[in-house]
Amino acid sequence: MTMPGNSAPAALHAPIDARDRPPSSVYGPVAWMRANLFNGWLSSGVTILFGYLIIRAAIGFVDWGFLNAIWTVPALPNGNPDPATCRAVRGTGACWAAVGDKWRFITFGRYPYDQQWRPGICIALFLSLYVMSAMRQFWRKELAFIWLGILTLIGVLMWGGVLGLRYVPQDEWGGLPITLILATFGLAFAFPLAVFVALGRRSTQMPAVKLICVLYVELIRGVPLVALLFMASVMLPLFLPSGMNIDKLLRAQIAIILFVGAYVAEVIRGGLQALPKGQAEAADALGLSYWQKTMRITLPQALRLVIPPLVNTFIGFFKDTSLVLIIGIFDLLTSGKTAMSDPTWQGSSTEIYIVMAIVYFGFCFAMSTYSRSVERKLDSAHNR
Amino acid sequence: MAEEAPAIVLDKVNKWYGTMHVLRDVTMNVAQKERVVVCGPSGSGKSTMIRCINRLEVHQEGRIVVDGTELTDDLRALDTIRREVGMVFQSFNLFPHLTILENCTLAPISVRKMPKAEAEELAMDFLRKVKIPEQAKKYPGQLSGGQQQRVAIARALCMKPKIMLFDEPTSALDPEMIKEVLDTMVSLADSGMTMVCVTHEMGFARMVADRVVFMDRGEIVESGTPTRMFEDPQTDRLKLFLSQILRGH
Ligand SMILES: Nc1ncnc2c1ncn2[C@@H]1O[C@H](COP(=O)(O)OP(=O)(O)O)[C@@H](O)[C@H]1O
Ligand SMILES: [Mg+2]
């Protein structure tokens, strides 16, 4: 007799290895469907009903959006497109020709047609700025200068008036560049503002600062963005000394910054609150100054904790920039709505709405995908 | 003359949390290189007292002088003292988003303005002394409790403190890890560090303490050499406490 264990022949283990994987009745797509979709009569009935509805809707959409759709239309003798074929399929097929005809107006608004390559480059610059900021190898001090440089370049391209570029006043700008300007500057300024407000609101040493921060957050949060935008566009000029005329876009931008700042500040404060007290105490005990402690210990950890609600706020606010529509700023949504009112393409608003929804969705989905990847990376770096 | 000045002076220190009186006329001197173990029942004010020494808590009455500097509202005095006094917490409090090495070099670089290379060399020295140099590139979450607490000790030592405070450094640890941390503390004691240590590890107290201080309900009830305190307790409160501890172990 030998002791079982170390010297056991390999064959003994074989059946055990084979059982390592659960049988397909408890694991795999079929099991998943049985557990989640067809778990009893009621569940199966609901699944079949909704399955039917979803499939019907999908077929309807494919019919309308692809099979019966009109992609191009012939031109009239005067050079304008002839919408007759589109009118003929109204209700049964999409008229993508409307988007094809109007996309430059939707994207750039009333920016002078022959100069639209300038806002075009600006969109590309914005996108490359986002991509660079998202990549870790660019997370260093120089990034601040890159931001400054690119934003200046965008200003030069949009306004012109130098380097032989024609001057384009701000009220001729429009479309996607306006949305990106509002969102990018909004975040770039609201975020640092929010950090200071969050820190100020937690301050124990400076009650006056704390009071100001509390007032700011509570006042701004108590008012809808629409009201803030109205105030910025209608009331603010009344209070300013005559002759001092801040541009309308800038006023809306400031209103957005103040609005987002208050929300982001509360998110960041939540993160600071959630940190164990021991972190700040350990930093104190090591002799770190307030700013060293904040910048190296508490703030980085708090921000990491609040990535999901922070991104949630950012996404909400990106879409909220479209509210500037009501004070007549020509952002993406406004230019889309203006395009819809073109008599040639009457009745094609659904198509234009769909295209704009895709653009908004693209930005928001990119943000949330990126935030999830950052979270995963941070998790795997610091835990276990 | 300077040699004779005590490292820590607590003179009739009083502290309240709201209306609760947590430190009552606490008076204690700790000499240079002296090793004091503080013990007492839970809630007796041990943590509060030790945290007053580096001003994580603010006392309301009495005087605290650390290494010749009195603790006041003066921020410069506070900076001086925080540099001279290292602290180790029950829950380690390592910075989870920094590597072990960064945990150790952060304060020397940003507070003492030490060049990075020098700080890293110093940190590796101390990590070798606490016997975990090979973990330098890991994050705290990847280490065991005992290893984390040894890193916390190394981190405090990297600031080259003159005084080390320990607040129950082994009570959050699994039994098999207590020894590795106590061994580190014993060798630190052997190197001549001034130490104030809140702990219920009586074996450790016997081995390294010059003096044991017993606190109860915010007061120092009794103090003396470990042998005298453990073998010949004078007060009923200490007798009761010792009997409870011995039963507990
Ligand atoms: N931040 C605080 N606020 C109010 N009471 C506290 C606070 N910290 C400690 N206490 C109270 O002070 C007393 C002493 O606490 P502590 O110094 O932590 O005791 P020990 O470390 O000896 O267990 C306890 O009764 C505790 O409940
Ligand atoms: Mg305690």
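For the reader, a short list of remarks on this structure follows.
- The lone criterion from (1) farther than 30 Å from A:L176 by Cα; (2) surrounded by fewer than 15 Cβ atoms within 10 Å (Cβ to Cβ); (3) among the acidic types (D, E) left unmet by A:D247 is number (1).
- Selection status of B:V58, part of a strand (DSSP E or B), within 16 Å of ligand 1 (Cβ to nearest atom) and either in contact (Cβ under 8 Å) with a residue 60 or more places away in the chain or surrounded by fewer than 19 Cβ atoms within 10 Å (Cβ to Cβ) (or both): no
- Hits in region A:342-384 - residues which are over 16 Å from the mean Cα position of the chain (by Cα), within 14 Å of chain B (Cβ to nearest Cβ) and assigned to a helix (DSSP H, G or I): A:E375, A:K377, A:L378, A:D379, A:S380, A:A381, A:H382
- Complete set of residues in region B:2-55 that are more than 13 Å from ligand 1 (Cβ to nearest atom), in contact (Cβ under 8 Å) with a residue 60 or more places away in the chain and within 14 Å of chain A (Cβ to nearest Cβ): B:N54
- Among the residues listed as A:L182, A:L228, the single one being of a type in the set (A, V, I, L, M, F, W, C) and touching a strand residue (DSSP E or B) at 6+ places or on another chain (Cβ under 7 Å): A:L182
- Counted residues, region B:40-50 - those being near ligand 2 (Cβ under 10 Å from one of its atoms) and closer than 18 Å to B:G203 by Cα: 1
- Condition met for A:F105 (within 28 Å of the chain's Cα centre (by Cα) and either surrounded by fewer than 15 Cβ atoms within 10 Å (Cβ to Cβ) or assigned to a helix (DSSP H, G or I) (or both)): yes
- Residue in region A:297-318 that is assigned by TED's automatic domain parsing to the domain that holds A:C213, of a type in the set (S, T, N, Q) and under 30 Å from A:P177 (Cβ atoms) present: yes
- Just one residue in the set B:V65, B:V37, B:V26 is within 16 Å of ligand 2 (Cβ to nearest atom), over 16 Å from B:Q90 (Cα atoms) and outside any loop (DSSP other than H, G, I, E, B); that residue is B:V26.
Yes/no per residue for (1) modelled with pLDDT of 80 or more; (2) surrounded by 14 or more Cβ atoms within 10 Å (Cβ to Cβ); (3) out of contact with any Lys or Arg (no Cβ under 6 Å at 6 or more places or on another chain):
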position: A:P4; (1), (2), (3): no, no, yes
position: A:N36; (1), (2), (3): yes, no, yes
position: A:L49; (1), (2), (3): yes, no, yes
position: A:V62; (1), (2), (3): yes, no, yes
position: A:A69; (1), (2), (3): no, yes, yes
position: A:A75; (1), (2), (3): yes, no, yes
position: A:G79; (1), (2), (3): no, no, yes
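- Applying the set (1) more than 14 Å from every other protein chain (Cβ to nearest Cβ); (2) charged (D, E, K, R); (3) in contact with a Gly (Cβ under 9 Å, 6 or more places away or on another chain) to B:R112 leaves exactly one unmet item: (1).
Yes/no per residue for (1) closer than 30 Å to A:M158 by Cα; (2) touching a Gly at 6+ places or on another chain (Cβ under 8 Å):
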| site | (1), (2) |
| --- | --- |
| A:W71 | no, yes |
| A:P77 | no, no |
| A:A97 | yes, no |
| A:R104 | yes, no |
| A:F108 | yes, yes |
| A:Q115 | yes, yes |
| A:R118 | yes, yes |
| A:I121 | yes, no |
| A:S128 | yes, no |
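- The criterion of at least 3 residues that are away from chain A (no Cβ under 14 Å) and either out of contact with any strand residue (DSSP E or B) (no Cβ under 7 Å at 6 or more places or on another chain) or among the aliphatic types (A, V, I, L, M) (or both) is met by the following strands (runs of 3 or more DSSP E) wholly inside region B:146-247: B:211-216.
- Residues of region B:51-62 that are within 16 Å of B:V213 (Cβ to Cβ) and either among the small types (G, A, S) or away from ligand 2 (no atom under 12 Å from the Cβ) (or both): B:C52, B:I53.
The values are calculated or read from the model by the stated rules, or taken from the named source; none is laboratory data. All values reported here derive from a predicted model rather than from experimental measurement. Every residue, glycine as well, gets a Cβ built from its backbone with ideal geometry; the counts of neighbours run over all protein chains shown.
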